[in-house]
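Below: one structure, written as structure tokens.
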Amino acid sequence: MDLSFNLCPLHPSGLRLNNPVLVASGTFGYGTEFAELVDIKQIGAIVCKGTTLEPRPGNHQPRLYETAGGLLNSIGLQNIGVEAVIREKAPIWADWPVPVIVNIAGETVEEYGKLAQRLDSVRGVSALEVNISCPNVQRGGQEFGSDPRQAAEVTRVVKTSTSLPVIVKLTPNVSDIVSIARAVAQAGAEALTLVNTLRGMAIDVERYRPVLGGITGGLSGPALKPVALAMVYAVYREVKIPLIGCGGIYSVSDALEFFLAGAQAVQIGSATFINPATATKVAGDLEQWMKKRGIARLADVVGAAHHRT
């Protein structure tokens, strides 16, 4: 079966992937950490960990806490900074047979623009994924992705600062994700990732204090899947750019739910911590699932759940 497709058909150069199973930002490092463990050419694309203008040490420990339904993380965007990414990682990516998408994060709209401009035309960087779940320091810490105008403003600035395909990763911590998605699409995004983590926390009942060093963190894993799935389903009805489903995908069955809801691709996140090869397994299982049912193109099932209601 041919699982290859163009994830960003509205972009002049497009973004051709061998299959629709990607690895999510923050769960696969820079890809280099897994290159000896996983056959990376079997992954659709690698989304590297969030990149900021300057290196960041991240939040205080502890940063991870396993819950009954998933994983809480409070990493705090620890990363080596954009210059080190360009100098140390991009030359390696340039020789890989799989595209690498750089996830970017800023505290101001200007920072997003500077990051996009700096990464433009860098060999080894195939696209940008814009993390708008970050707090806008100029707006009292409100997430960029919680307001349609702010989300659109970031998208426009990134679009005017790069020639790369632009994917925007939306936050689920909103009351109306469709309005955010619509604003971002109108501002020029070529695709959307739905969704980032839900805000959550855990409290140590023996010490009477929050477990995470950052107090709250992002909830990923199985508990997130029904939320993410509902958001993909809702956005697919209203926005006509490709969607990437993300949240609690551990198996091909999980991935298929997202495809049927309207996603054209999926990202594997927390499942990688259990099995680093989850993405390649899901991709292989997806191909077998299609063969068994005589389905030649995955596009034939994308959004199919909307026709059965």
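Can you find a residue that is in a helix (DSSP H, G or I) and buried (at least 16 other Cβ atoms within 10 Å of the Cβ) anywhere in the range 65-80? No.
Name every residue in the range 185-234 that is touching a strand residue (DSSP E or B) at 6+ places or on another chain (Cβ under 9 Å), among the hydrophobic types (A, V, I, L, M, F, W, C) and without any contact (Cβ under 8 Å) to a residue 40 or more places away in the chain, in order of residue number. Across the range 185-234, the qualifying residues are Ala187, Leu198, Ile203, Leu229, Val232. Condition first: among the aliphatic types (A, V, I, L, M) and either over 15 Å from Gln42 (Cα atoms) or assigned to a helix (DSSP H, G or I) (or both). Now tell me which residues in the range 263-281 satisfy that. Correct list: Ala263, Ala271, Ile274, Ala279.
Residue count for the range 197-229 satisfying the condition of being out of contact with any Asp or Glu (no Cβ under 9 Å at 6 or more places or on another chain) and closer than 18 Å to Tyr250 by Cβ: 10.
The residues in the range 182-194 that are within 19 Å of the chain's Cα centre (by Cα) and assigned to a helix (DSSP H, G or I) can be counted, and the count is 4. Restricting the first member to the range 77-90 and to residues that are farther than 15 Å from Glu111 by Cα and of a type in the set (S, T, N, Q), and the second to residues that are crowded, with 18+ Cβ neighbours inside 10 Å and modelled with pLDDT of 95 or more, the beta-carbon pairs closer than 7 Å and six or more apart or on different chains are Asn79/Lys49; Asn79/Gly50; Asn79/Thr51; Asn79/Thr52. Residue under question is Tyr112, and the condition is that it be modelled with pLDDT of 95 or more, surrounded by 23 or more Cβ atoms within 10 Å (Cβ to Cβ) and among the aromatic types (Phe, Trp, Tyr); does it hold? When the stated conditions are applied, Tyr112 passes them.
With the condition kept exactly as written, say whether any residue in the range 26-34 is surrounded by fewer than 24 Cβ atoms within 10 Å (Cβ to Cβ) and part of a strand (DSSP E or B). Looking for residues that are surrounded by fewer than 24 Cβ atoms within 10 Å (Cβ to Cβ) and part of a strand (DSSP E or B), one finds none in the range 26-34, hence no.
From the residues in the range 158-176 that are crowded, with 23+ Cβ neighbours inside 10 Å and not in a loop (DSSP other than H, G, I, E, B), which one is farthest from the chain's Cα centre (by Cα)? Applying the filter and picking the extreme gives Val158. Inside the range 223-257, residues that are under 19 Å from Thr171 (Cβ atoms) and not in a loop (DSSP other than H, G, I, E, B) make up a count of 19.
Yes or no: Ser179 assigned to a helix (DSSP H, G or I), small (Gly, Ala, Ser) and surrounded by fewer than 19 Cβ atoms within 10 Å (Cβ to Cβ)? Yes: the conditions hold for Ser179.
Counting only residues that are within 29 Å of Asp147 (Cα to Cα) and in contact with a Leu (Cβ under 9 Å, 6 or more places away or on another chain), the range 118-129 holds 7 of them.
Screening Asn131, Asn136 for residues that are within 27 Å of Thr272 (Cβ to Cβ) and among the polar types (S, T, N, Q) leaves exactly one candidate, Asn131.
If you go through the range 6-25, how many residues are in contact with a strand residue (DSSP E or B) (Cβ under 7 Å, 6 or more places away or on another chain), surrounded by fewer than 21 Cβ atoms within 10 Å (Cβ to Cβ) and touching a residue at least 12 places away in the same chain (Cβ under 8 Å)? Count: 2. Only a single item in (1) in contact with a Gly (Cβ under 9 Å, 6 or more places away or on another chain); (2) free of Cβ contacts under 8 Å to residues at least 40 places away in the same chain; (3) of a type in the set (A, V, I, L, M, F, W, C) is not met by Trp289, and it is number (1).
The values are calculated or read from the model by the stated rules, or taken from the named source; none is laboratory data. Model, not experiment: these values are computed from the prediction. Glycine also receives a Cβ, built like all others from the backbone with ideal geometry; neighbour counts cover every protein chain displayed.
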